[in-house]
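Undergrad: Dumping the structure here so I can ask a few things about it.
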Amino acid sequence: MKSLYTRQFTMMAAVILTSFLLLGGTFAGVSYRYTISAKQDSLAQNAENIASLTGEMLTQGMGFRNEYFRLYVSSAARAANAYVILAENDGEIIYCAGSNGSLVDLTGLYLSKDTLSSFRARGAFDGMSTLGGLFMEKRYLSMRPIMINLAQFSSGSMVVSPTQTGIVLVAASTDSLTEMWRALSTIFLFLAVVVIFIAFLTSSVTSSHQVRPLKEMAEAAKKFGHGEFQVRVDVGNRQDEIAELAVAFNNMADSLAQAEAERSEFIANISHELKTPMTTIAGFADGILDGTIPPEKQKEALQTVSSETRRLSRLVRRMLDLSRLQAAENITTQERFDITEVLLRVLVSLEGKINQKDLDVETSLPEEPVQVWGDPDSITQVCYNLLDNAIKFSAPGTQLGLEIAVKGGKAWVSVRNTGETIPPEELKLIFDRFHKTDRSRSVDRDGVGLGLYIVKTILDNHKENITVTSSEGVTEFTFTLTQA
């Protein structure tokens with residue numbers, strides 16, 4: 001399996017090499033054509049100049065063997081660094097000057113028939129040829145006609161007409177172009193190697209820099225599988241997409257660590273809550289069986305066993321309710337209902353407990369029905385848990401307050417009781433699973449520490465909020481519902 005680093009580096013290398021090959025090919029083609037074109041234009045210009053001057057000299061009566069004429073041709077050959085050949089119209093070579101200006105004896109030889117055919121067809125010739133083996137290698141050629149003005153008498157008048165009297169051929173070696181081409185290619189190749197090396201080095205460093213956090217995340221994920229949730233990915237000073245992924249990964253790790261801590265705490269709490277009634281039940285049952293508890297106290301012992309059994313049943317029932325609520329992330333069966341009616345119905349169901357503590361109920365409810373959206377059964381359980389909790393921790397003979405206010409498209413439901421003030425450090429934990437304040441743990445034998453957690457879970461599923469305040473002995477819970 002190829003790693004991400006290998007794939008990315010290979011892709012970058014392929015792109016860089018392909019780019020340089022395309023760039024190099026384009027550069028080579030353009031420079032070659034430009035160089036050939038410039039050389040051919042120079043040869044053509046030299047051939048035209050020599051042909052023009054030769055025509056003028058021949059018109060003035062100078063021949064090919066004239067000393068000044070040959071000196072001029074030799075000088076032109078040196079200046080052009082090329083062979084200059086003068087030939088008859090049939091291709092027979094009359095005179096040849098080498099690229100160094102010296103005379104080259106090619107007298108009696110002929111230009112190649114193919115070259116002459118092309119020249120006669122177009123009146124000029126530019127190209128590359130060996131002239132039928134006259135040269136050892138191909139040379140750049142430029143052929144131009146030598147024209148003279150020939151005077152003729154016709155019908156008693158003189159007519160001057162241009163007439164071709166020979167051919168000028170300039171032949172340049174390709175060595176200079178080859179050397180220049182090699183020099184340019186060497187420079188380009190050197191620069192290409194340097195740039196490719198820098199690009200590969202940069203690509204390698206960049207790829208390694210990008211892959212490192214991914215490798216750390218992979219290693220961290222493996223450790224998560226073994227229960228090590230303290231590992232985090234070092235983001236450093238990065239501010240790119242990889243950094244965002246690493247931050248999200250660290251946040252996920254924090255959530256997993258918190259979930260693991262909550263799971264451990266949950267197991268510890270449920271173990272404690274189950275162990276207490278089961279120990280009590282087992283102790284009294286063993287006492288009755290082995291006769292430790294006398295017959296006159298067995299009825300009282302059985303009542304305790306019955307009470308602890310019901311407490312254990314409530315705990316299991318609350319656990320099942322909690323499991324059902326957590327499985328349903330969103331409440332899908334939403335309908336309109338009157339929250340005032342629900343609250344009053346719950347209040348009536350708890351009338352017995354209210355009378356036992358001699359509580360005075362004060363209500364502040366709207367006269368008109370307050371229609372809200374939600375699951376009536378779940379909201380009924382919210383109201384029951386909050387009212388039951390308020391009654392449980394109210395001081396005897398105090399006041400129990402209920403209030404519903406409508407504002408901002410929300411119904412605000414408040415349940416208030418008077419009793420001991422909840423410490424500030426306990427308020428932020430009050431909705432946790434199995435949480436009980438110290439003052440209640442010893443006196444509240446009916447509670448299992450899940451009532452408020454269930455309330456919070458139901459309201460979270462409804463996308464609603466709940467808050468709690470406690471000061472000067474007054475504790476108030478307030479939750480919201482969306483008005484219909």
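Undergrad: Six or more apart or on different chains, Cβ atoms under 6 Å: show the pairs whose first residue is in region 305-318 and more than 16 Å from G451 (Cβ to Cβ) and whose second is of a type outside the set (S, T, Y) and assigned to a helix (DSSP H, G or I).
TA: V305/I281; V305/F284; E308/P277; E308/I281; L312/P277
Undergrad: Also, I was wondering about something else. Just to be sure, is L184 farther than 30 Å from Q8 by Cβ, touching a Ser or Thr at 6+ places or on another chain (Cβ under 7 Å) and modelled with pLDDT of 75 or more?
TA: Answer is no for this residue.
Undergrad: Are there any pairs with C-beta distances below 6 angstrom linking a residue in region 390-406 that is part of a loop (DSSP other than H, G, I, E, B) to a residue that is open to solvent by 70 Å² or more (accessible area, probe 1.4 Å), with the two at least 6 apart or on different chains, and if so which?
TA: Within 6 Å, the pairs are P396/D358; G397/D358.
Undergrad: Test each condition in (1) in a helix (DSSP H, G or I); (2) farther than 25 Å from I16 by Cα; (3) touching a helix residue (DSSP H, G or I) at 6+ places or on another chain (Cβ under 6 Å); (4) at pLDDT below 80 for S207 and report the one that comes out false.
TA: (2)
Undergrad: Name the residues in region 452-476 that are within 22 Å of A395 (Cα to Cα) and under 45 Å from the mean Cα position of the chain (by Cα), would you?
TA: Residues satisfying the conditions are L452, T467, V468.
Undergrad: Something else about it: Do you know which of the residues in region 353-379 that are outside any helix (DSSP H, G or I), in contact (Cβ under 8 Å) with a residue 40 or more places away in the chain and of a type in the set (A, V, I, L, M, F, W, C) is surrounded by the fewest Cβ atoms within 10 Å (Cβ to Cβ)?
TA: If we filter region 353-379 for residues that are outside any helix (DSSP H, G or I), which is where we start, we get 357-375.
Next, only the ones that are in contact (Cβ under 8 Å) with a residue 40 or more places away in the chain stay: 357, 359-364, 366, 370-375.
When the remaining residues are screened for being of a type in the set (A, V, I, L, M, F, W, C), the result is 359, 361, 370, 372-373.
Numbers: L359: 21, V361: 14, V370: 22, V372: 27, W373: 17.
Among them, the one singled out is V361.
Undergrad: Here is a further query. Do we find that I85 is surrounded by fewer than 20 Cβ atoms within 10 Å (Cβ to Cβ) and among the β-branched types (V, I, T) in this structure?
TA: Considered against the rule, which asks whether it is surrounded by fewer than 20 Cβ atoms within 10 Å (Cβ to Cβ) and among the β-branched types (V, I, T), I85 comes out as no.
Undergrad: What number goes with the only condition from (1) open to solvent by 80 Å² or more (accessible area, probe 1.4 Å); (2) farther than 23 Å from T6 by Cα that V231 does not pass?
TA: (1)
Undergrad: (1) surrounded by 11 or more Cβ atoms within 10 Å (Cβ to Cβ); (2) modelled with pLDDT under 80; (3) farther than 25 Å from S264 by Cβ: which one isn't true of E244, the others all being true?
TA: (2)
Undergrad: Taking R317 and the conditions (1) at pLDDT 85 or above; (2) open to solvent by 100 Å² or more (accessible area, probe 1.4 Å), which numbered condition does it fall short on, given that it satisfies the others?
TA: So the condition that R317 fails would be (1).
Undergrad: Filtering region 88-115 down to residues that are open to solvent by 10 Å² or more (accessible area, probe 1.4 Å) and not in a loop (DSSP other than H, G, I, E, B), which residue is farthest from R144 (Cα to Cα)?
TA: Looking at residues that are open to solvent by 10 Å² or more (accessible area, probe 1.4 Å) and not in a loop (DSSP other than H, G, I, E, B), I get L103.
Undergrad: To continue, here is another question. Please state which of the following conditions G447 fails to meet, knowing it meets all the rest: (1) modelled with pLDDT of 80 or more; (2) open to solvent by less than 60 Å² (accessible area, probe 1.4 Å).
TA: Only one criterion in (1) modelled with pLDDT of 80 or more; (2) open to solvent by less than 60 Å² (accessible area, probe 1.4 Å) is unmet by G447, namely (1).
Undergrad: From the list A405, A411, A395, which one is surrounded by fewer than 17 Cβ atoms within 10 Å (Cβ to Cβ) and farther than 22 Å from D358 by Cβ?
TA: A405
Undergrad: For region 284-294, enumerate the residues that are out of contact with any helix residue (DSSP H, G or I) (no Cβ under 9 Å at 6 or more places or on another chain) and assigned to a helix (DSSP H, G or I).
TA: D286, L289
The values are calculated or read from the model by the stated rules, or taken from the named source; none is laboratory data. This is a predicted model, so every value here is computed, not measured. Glycine also receives a Cβ, built like all others from the backbone with ideal geometry; neighbour counts cover every protein chain displayed. With ligands, DNA and RNA removed, areas are computed over all heavy atoms of the protein, side chains included. Shrake-Rupley method; radii C 1.70, N 1.55, O 1.52, S 1.80 Å.
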